[in-house]
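Q: Handing you a structure now.
The values are calculated or read from the model by the stated rules, or taken from the named source; none is laboratory data. A quick note: this is a predicted structure, and the numbers were derived from the prediction, not measured. Don't worry about glycine lacking a Cβ; one is built from the backbone with ideal geometry, like all the others, and counts go over all protein chains shown.
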């Protein structure tokens, strides 16, 4: 169809030779576009499964980062799965991935290389992987130094520059300070965390603050998360992130209305 359209357009422009050129150009671009569309839809389920496996295997590696996996860390991982609503066969798959990641012979470099290769044109997917790992690691307590070092290694393996990762980590830590709270007093520390949670400075204008807030809320919209390769059964964490961002924004708004 694209070739025929190109031929007609070419004939109208310059006759037979232009028609032939238009036909082949139309075929070339039409074929490429069709392949691109098919590829984008065909790889979404595969992306989601790879994301699922990579998250839980790396979570197992994080649990092992301090030398051994404690019973408490296993219980925490299982509680995390329950919180996300992961049940049945999916829970079994998550536990198997976690155990594989915590094994001494876990192929960390190969796992990172495969994910980096499959998402080389998907920086959003790499970012989401780091977001989920950091959030899961912080769910029971603050990040330990060994965990932070492994997260930096993961970021490097995904070809994310150190400065970008440190900025993301600082933002996620600030957002996490608002976990489980929609109404907070605007103490100085809360306000500082709120600005960092949105990735803006206290000197930002109201318009800049609102733009940053809307951008972050958009990133964690369920439809967009699914389109970016996040499995549907892991969207509960995206909802929690949106709540943290909302709480941080509310703190800033309240402080500016005084």
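Q: Only one of these conditions is not met by residue 214: (1) in a helix (DSSP H, G or I); (2) modelled with pLDDT under 95; (3) under 29 Å from residue 54 (Cα atoms); (4) more than 12 Å from the chain's Cα centre (by Cα). Which number is it?
A: Here residue 214 meets the rest and fails (2).
Q: Consider segment 135-159. How many of its residues are at pLDDT 90 or above and under 13 Å from the mean Cα position of the chain (by Cα)?
A: Matching residues across segment 135-159 total 2.
Q: Kindly indicate whether any position in segment 188-198 is surrounded by 14 or more Cβ atoms within 10 Å (Cβ to Cβ) and at pLDDT below 90.
A: Yes; the residues of segment 188-198 include at least one that is surrounded by 14 or more Cβ atoms within 10 Å (Cβ to Cβ) and at pLDDT below 90.
Q: With respect to residue 91, is the statement that it is in contact (Cβ under 8 Å) with a residue 24 or more places away in the chain and either assigned to a helix (DSSP H, G or I) or in the same structural domain as residue 231 (by TED's automatic domain parsing) (or both) true?
A: On the way: in contact (Cβ under 8 Å) with a residue 24 or more places away in the chain: no; either assigned to a helix (DSSP H, G or I) or in the same structural domain as residue 231 (by TED's automatic domain parsing) (or both): yes.
It is false that residue 91 is in contact (Cβ under 8 Å) with a residue 24 or more places away in the chain and either assigned to a helix (DSSP H, G or I) or in the same structural domain as residue 231 (by TED's automatic domain parsing) (or both).
Q: Check every one of the helices (runs of 4 or more DSSP H) wholly within segment 106-174 and list those with 3 or more residues that are more than 26 Å from residue 248 (Cα to Cα), without any contact (Cβ under 8 Å) to a residue 40 or more places away in the chain and not assigned by TED's automatic domain parsing to the domain that holds residue 64. First the steps, then the outcome.
A: Numbers: elements: 108-118, 123-138, 145-157.
Passing ranges: none, list empty.
Q: Let me ask another. Which ones in segment 217-236 are crowded, with 21+ Cβ neighbours inside 10 Å and part of a helix (DSSP H, G or I)?
A: Hits for segment 217-236 are 225, 234.
Q: Kindly evaluate residue 43 against the criterion of being in a helix (DSSP H, G or I), surrounded by 13 or more Cβ atoms within 10 Å (Cβ to Cβ) and either modelled with pLDDT of 85 or more or touching a strand residue (DSSP E or B) at 6+ places or on another chain (Cβ under 7 Å) (or both). Before you say what the answer is, go through the steps one by one.
A: On the way: in a helix (DSSP H, G or I): yes; surrounded by 13 or more Cβ atoms within 10 Å (Cβ to Cβ): yes; either modelled with pLDDT of 85 or more or touching a strand residue (DSSP E or B) at 6+ places or on another chain (Cβ under 7 Å) (or both): no.
Taking the combined requirement at face value, the residue does not satisfy it.
So that you can scan it fast, the table gives a plain yes or no per residue for (1) closer than 18 Å to residue 50 by Cα; (2) within 20 Å of the chain's Cα centre (by Cα):
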| residue | (1), (2) |
| --- | --- |
| 64 | no, no |
| 75 | no, no |
| 79 | no, no |
| 83 | no, yes |
| 90 | yes, yes |
| 98 | yes, yes |
| 102 | yes, no |
